[in-house]
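Undergrad: My structure is below; once you've seen it, I'll send some questions.
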Amino acid sequence: MNLIRHWIDNELHDGAPERRGDVYNPATGLKSAEVALASVAEVDRGVASAAAAFLEWRDTPVTRRARIMFQFRDLVEKHLDDLAKLLTAEHGKTLDDARGEVTRGLEVIEFATGIPHLIKGEFSEQVSRGVDTYTIRQPVGVVAGITPFNFPAMVPMWMYPIAIAAGNTFVLKPSEKDPSVSMLAAELFEKAGLPPGVLNIVHGDKVAVDRLLEHPDVKAISFVGSTPVAQYVYSTGTANGKRVQALAGAKNHMIVLPDADMDLAADAAVSAAYGSAGERCMAVSVVVAVGDAADKLIPMVQERMAKLAIAPGDTPGAEMGPLITREHRDRVAGYVDTGLEEGATLVADGRGFSPEGYEDGFWIGASLFDHVTPDMKIYQDEIFGPVLSVVRTESYSEAIRMINDNMWGNGTAVFTNDGGAARKFQNEIEVGMVGVNVPIPVPLGFYSFGGWKKSIFGDHGIYGPDGVSFYTRQKVVIARWPDPMHRGVDLGFPTNQ
Ligand code: NAD
């Protein structure tokens, strides 16, 4: 059985043989590998490696760090298909979707290649006689990243490229459910010239996370995952004096106004609800249909759902794959039972579906509920599967109020042809990422990603300018230089290395 090992100092480590987790191919339901689960000793080893590497890495010229990022960027692009295949085999999403995921990670690497420009400070000359004031941005030290199963390539790449380019060293604790893609990325980073210890990977579960949260040499933690764990990571990490950003769960609403282009809205609802089998933090899980919009929209959604190609992710033409584990599939199917018990109308039932020949995989088809109300559990909980709820409201104001009352605020969208209605939405809605006729408003690498309310804990969004700010500490210097510097004779052409 293949063992997925820790990556410390650019070398593989088995870890303790009694601590192993199982990794599956969700399409077949078969175990495909074991993953080493770190104990405290292995986490300490990873952190010690990162702490030792930090001293040299923070002093490596920023131009050199940027060049390594450029090399890494090229290697990730060259191996995009290899990364996508690994990802599909352990996560289950379709190859197309996996390629898209890696590409979104690549965009953050591209952003990080601009680090020399991004960490420039400010300068004010002559704030007093002979006195100047300036700011510099310095790395924080060892940073830990703890990431979820649903974007095993992209979410770690939201973190470590910027952290490392900024001069930090990094310990990644990827999801134990689909860890292989991070291993290939680390190998590519080594090929790009990354010195040992700058990026370490320790696999594991709560034991590893808890050690990272208390380790005195870990200065900052980036977390992405479910709301209860995000809240725990944020409160424990900050109580231990660390800088923490913790991005959390979601329940994303898409309002459809009666004047919307219904073709566009139906395509968007189906794509955003069932893409990646609903296992996206930006998946649309609730359509709020205003006035008579539902009567037009629902048959159009049904028509599209009937044509969805649900198949193993590496099957040509597959549009939706399985869920991550058997337990999660059963939990999602349980929500369909709950919705029926609560009195919602089940328009399409995905329970019991599996593609022929894959009966042992973690399958469920696409489900659609109509007449869902905010007091129902299927409305309140993050189901994280291919289950879409339609809530009907009389008015636009009621729809906006419902979203603002929801405890989550990751992403949302409005579908309308009325610019004034769209403007009202972007102004009044209490959600961090807003789409106007765009169902999954995930910003590109040069903006920052982050929700509001219980979808985030901490003050920083992830990647983009917020990422640079999170992974650096600003220092302000006030300097007086009464005497000119004397360098002596030097006829050489200055280099930046
Ligand atoms: P999860 O919270 O179960 O796990 C996330 C990470 O935390 C994993 O590395 C896991 O090993 C670790 N972990 C799990 N339980 C823990 C515990 N009790 N103590 C300490 N560490 C623990 O999340 P998941 O199921 O892997 O991912 C899905 C969730 O992530 C969904 O809620 C989704 O909305 C959310 N998510 C959010 C974003 C975002 O940007 N807001 C992006 C992707 C996923």
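Undergrad: Find, among the GluC sites (Glu not before Pro) in region 389-453, those assigned to loop by DSSP (not H, G, I, E, B) with at most 14 other beta-carbon atoms within 10 angstrom.
TA: Filter output for region 389-453: 394, 430.
Undergrad: Ranked highest first by average number of other Cβ atoms within 10 Å, how do 338-348, 364-374 line up?
TA: My ranking of the peptides, most packed first, is 364-374, 338-348.
Undergrad: Non-local amide H neighbours of residue 4 (under 5 Å, H modeled in plane, Pro and chain starts lacking H): which ones?
TA: 34, 35, 36
Undergrad: Set the bar at 21 Å for Cα to Cα. Now go through 296/454; 93/307; 173/242 and name every pair that lies beyond it.
TA: With Cα atoms farther than 21 Å apart: 296/454.
Undergrad: Subtract the Cα-Cα distance of residue 217 and residue 459 from 0.36 nm times their separation in residues, and report this length gain in nm to one decimal.
TA: Extra length from residue 217 to residue 459 when fully extended: 84.9 nm.
Undergrad: Still on this model: Could you tell me the distance between the Cα centroids of region 439-479 and region 117-144, to the nearest Å?
TA: 19 Å
Undergrad: Oh, and also: Amide H neighbours of residue 29 under 5 Å, at least 5 residues apart or on other chains, H built in the peptide plane: list them.
TA: 362
Undergrad: If each residue's Cβ is checked for other Cβ atoms within 10 Å, how do 129, 401 rank with the fewest at the top?
TA: Taking fewest neighbouring Cβ atoms as first place, the list is 129, 401.
Undergrad: For 30, 172, 308, 444, what ranking results if the residue with the fewest other Cβ atoms within 10 Å of its Cβ goes first?
TA: Neighbour counts put them in this order, fewest first: 30, 444, 308, 172.
Undergrad: Next question, about the same structure. Restricting to bridges with both residues inside region 252-436, how much of the DSSP beta-bridge set is antiparallel, in percent to the nearest 5?
TA: 10 percent
Undergrad: Still on this model: So if R0 is 30 Å, what FRET efficiency would residue 327 and residue 300 give, r being the distance between their Cβ atoms, rounded to the nearest 0.05?
TA: E(calc), rounded to 0.05, equals 0.35.
Undergrad: Could you give me the ³J(HN,Hα) list for region 270-276, computed from phi with Karplus coefficients 6.51, -1.76, 1.60 and θ = phi - 60°, whole Hz, x at Gly and Pro?
TA: 5, 4, 7, 7, 10, x, 6
Undergrad: Another question, then. At 7 Å along the Cα-to-beta-carbon direction for both residue 377 and residue 398, put a label point, then send me their distance in nm to one decimal.
TA: 2.6 nm
Undergrad: For each of 349, 405, 74, count neighbouring Cβ atoms within 10 Å of the residue's Cβ, then give the residues from fewest to most.
TA: Starting with the residue having the fewest Cβ neighbours, the order is 405, 74, 349.
Undergrad: Work out the FRET efficiency for residue 438 and residue 117 from their Cβ-Cβ distance, taking R0 = 35 Å, and round it to the nearest 0.05.
TA: E between residue 438 and residue 117, to the nearest 0.05, is 0.75.
Undergrad: Between residue 405 and residue 74, what is the label-point separation in nm under the 7 Å Cα-to-beta-carbon projection?
TA: For the pair residue 74/residue 405, the computed spacing is 5.7 nm.
Undergrad: Quick one: work out the % antiparallel among DSSP beta bridges in the chain, nearest 5.
TA: The answer is about 40 percent antiparallel.
Undergrad: What ³J(HN,Hα) values, in whole Hz, does the Karplus curve 6.51 cos²θ - 1.76 cosθ + 1.60 give for region 203-215 when θ = phi - 60°, with x put for Gly and Pro?
TA: 7, x, 10, 4, 4, 5, 4, 4, 5, 4, 5, 10, 5
Undergrad: Given the -39500 (n - 2.57) contribution per DSSP H run of 4+ residues, what per-residue ellipticity at 222 nm results for the chain, rounded to the nearest 500 deg cm²/dmol?
TA: -12000 deg cm²/dmol
Undergrad: If packing is taken as the average number of other Cβ atoms within 10 Å across a peptide's residues, how do 150-162, 112-124 rank, most packed first?
TA: Result, highest mean first: 150-162, 112-124.
Undergrad: Test of the criteria: in region 1-79, which GluC sites (Glu not before Pro) are in a DSSP loop and have at most 12 other Cβ atoms within 10 angstrom of their Cβ?
TA: In loop regions of region 1-79 (DSSP not H, G, I, E or B), the sparsely surrounded GluC sites (Glu not before Pro) are 18.
Undergrad: Two decimals, Cα atoms only, Kirkwood Rh: what is Rg/Rh over region 238-294?
TA: Across region 238-294, the Cα-based Rg/Rh ratio is 1.23.
Undergrad: Assuming a viscosity of 1.002 mPa s and a temperature of 20 °C, what translational diffusion coefficient in µm² per second does Stokes-Einstein assign to the chain, Rh being the Kirkwood radius over Cα pairs?
TA: It comes out at roughly 90 µm²/s.
Undergrad: Regarding region 297-424, what is the average projected area of its C-alpha convex hull, in nm²?
TA: Hull-based average projected area comes out at 9.4 nm².
Computed from the coordinates by the stated procedures, all read-outs in this text should not be read as laboratory data. This structure is a prediction, so every number in the text was calculated from the model and none was measured. When we count neighbours, we look across all protein chains shown, and the Cβ atoms used for this are built from the backbone with ideal geometry, even at glycine.
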